[in-house]
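What follows is calculated from the coordinates using simple rules that are stated; it is not laboratory data. Quantities reported herein were computed from a predicted structural model and do not represent experimental measurements. Neighbour counts run over all protein chains shown; Cβ positions are idealised from the backbone, glycine included.
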Amino acid sequence: MTTRPVTRRSAVLGITAAAAALAWPRLSRAQSTARVVVVGGGFGGAACARALKRAQADLQVILIEPNAVFTSCPFSNEVIAGLRDIEAQQFSHDKLAANGVTMIDQAVTTIEPRLRSVMTADGVVMPYDRLVLSPGIDFRFEALPGYDDAASEKMPHAWKAGAQTLLLRRQLEAMDDGGTVAIAIPANPSRCPPAPYERASLIAHYLKTRKPRSKVLLLDAKDNFPQQRLFEKAWKELYGDMIERVGLSQGGRATSVDPSTKTIITEFGNYTPDVANVIPPQRAGRIAEAAGATDATGWCPIDPVTFESKLVKNVHVIGDACLGGGIPKSASAASAQGKACAAAIVALLGSRAPETPRLTGICYNTVAPGYGFSLAGNYQPRGNIFAEVEGGATSPVDAPRELRAREATEAERWFETITADTFG
């Protein structure tokens with residue numbers, strides 16, 4: 001990856017550049033070609049940028065993303081469990097550039113909604129007619145005392161795919177047989193709510209095949225979780241008593257951590273596992289807060305028809321960062337939102353009323369090689385949020401192994417399709 005850090009010097013240079021209005025001249029409103037700037041090159045931002053260019057070829061579409069290579073969270077649990085190499089998770093934005101999207105390999109440091117401009121770490125100011133924020137998530141470290149970036153080097157979260165994914169994998173590999181792996185799971189809203197339970201399943205698979213005397217302990221800030229019956233049936237069938245879960249009402253919520261001893265503190269007891277995977281509470285990516293698009297929840301309220309921020313005009317928010325109501329924070333949802341947002345922006349730039357979107361999202365979970373299940377949903381605006389409507393489906397609890405194997409194969413195909421559609 002190529003990431004340029006934001007330094008005090010670059011911030012000062014950026015202020016100077018903003019004052020001088022350098023580099024990118026603002027488009028006259030009389031010009032026919034508008035400019036849309038997209039911040040964030042994951043599933044939502046990349047899908048939006050591509051859809052914008054496809055919908056209107058003469059539209060100036062600028063995608064700003066500091067990482068030249070995007071590392072996918074979906075299927076990263078397989079990397080942790082040694083079933084997949086990290087390279088299979090990595091995608092460049094070269095095809096987007098070839099299709100006419102202007103790529104800026106920088107971080108955004110400042111957003112000026114009143115001036116309709118963004119500033120990058122190297123001090124370049126870019127005006128926009130519409131801005132799309134797809135910054136993903138950041139962590140609410142203040143909500144879990146003792147946990148911060150330094151602590152994550154001892155107790156990895158692995159909730160942003162990449163170096164943390166590999167760190168957790170190495171810790172599992174180094175653990176002696178008979179050890180305990182603890183996963184601290186936050187309350188919702190959070191990125192991909194079923195993913196911690198998929199992770200527990202695949203770690204259990206790794207331990208069963210490599211270190212069979214070991215255990216997986218889930219310290220959960222929730223009593224119930226998505227597809228719970230499917231997960232628990234699979235755990236019993238595949239892993240026996242290897243996985244233990246302590247829910248909220250049993251005292252499972254992590255209240256603080258001590259990284260010096262790798263201890264997870266809960267209301268009813270302390271746990272010092274051999275490997276501690278701590279997933280902290282979350283919020284929208286911090287650039288959304290800098291833009292003024294977050295509310296007291298730390299997430300971004302939006303108009304569900306246009307994805308325009310309810311707090312900042314001409315700024316749209318998609319993906320994990322937005323308050324989507326019933327629609328989950330997932331790659332599938334982010335991609336669907338990116339495309340719907342692009343259609344809304346093209347309509348707004350053409351002084352037309354956007355159509356009401358109907359979004360479809362699907363979430364696959366793999367609990368062992370050749371054993372998967374899924375949850376699909378349809379979502380439409382209802383009032384100020386998205387609500388689930390008829391047409392969704394979940395895998396049956398009492399299904400034959402043939403169906404589980406088929407859904408595991410479908411999960412692989414889904415990943416190939418969404419990554420090709422977004423980055424290919």
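In this simple spin-label approximation, Arg352 and Asn188 carry label points 7 Å from Cα along the Cα→Cβ vector, and these lie 3.5 nm apart.
Sorting the segments 247-253, 309-315 by their residues' average number of neighbouring beta-carbon atoms within 10 angstrom, most packed first, yields 309-315, 247-253.
Label sites at Leu83 and Thr272, each approximated as a point 7 angstrom past Cα along Cα to Cβ, lie 3.3 nm apart. Computed packing ranks the peptides 413-420, 183-190, 396-403 as 183-190, 413-420, 396-403, most packed first, by mean other Cβ atoms within 10 Å.
Shape index of segment 314-424: Rg/Rh, with Rg the Cα radius of gyration and Rh the Kirkwood radius from the inverse mean 1/r over Cα pairs, equals 1.04. Ordering of 256-269, 369-382 by packing is 369-382, 256-269, highest average first (other Cβ atoms within 10 Å, averaged per residue).
Based on Cβ point charges of +1 for Lys and Arg and -1 for Asp and Glu, what charge dipole magnitude is obtained for segment 141-280 about its Cα centre, in debye rounded to the nearest 20?
460 debye
Projected over all directions and averaged, the alpha-carbon convex hull of segment 141-280 occupies 7.7 nm². Dipole of the chain computed with +1 at Lys/Arg Cβ and -1 at Asp/Glu Cβ about the Cα centre; of Asn277, Pro212, Gln106, farthest Cα towards the positive end is Gln106.
Rounded to a whole number of µm²/s, how large is the Stokes-Einstein D of segment 229-381 at 37 °C and 0.692 mPa s, given Rh as the Kirkwood radius over C-alpha pairs? Intermediate values should be presented prior to the final figure.
Numbers: Rh = 18.7 Å.
For these conditions, the coefficient is 175 µm²/s.
Rg and Dmax, both from the Cα atoms of the chain and both in Å, are 21.8, 70. Net charge in the neighbourhood of Ala420 (other residues with Cβ under 14 Å of its Cβ; Lys, Arg +1, Asp, Glu -1) is -1. Ranking Tyr239, Ser260, Ala161 by how far each Cα lies toward the positive end of the dipole of segment 141-280 (charges on Cβ) leaves Tyr239 at the top. What does DSSP give for the chain in terms of the percent of beta bridges that are antiparallel, rounded to the nearest 5? Antiparallel bridges make up about 55 percent of those DSSP assigns within the chain. Taking each of Lys154/Lys236; Lys95/Lys313; Lys208/Lys233; Lys154/Lys215; Lys262/Lys329; Lys160/Lys233 in turn, the alpha-carbon distance tops 22 angstrom for Lys154/Lys236; Lys95/Lys313; Lys262/Lys329; Lys160/Lys233.
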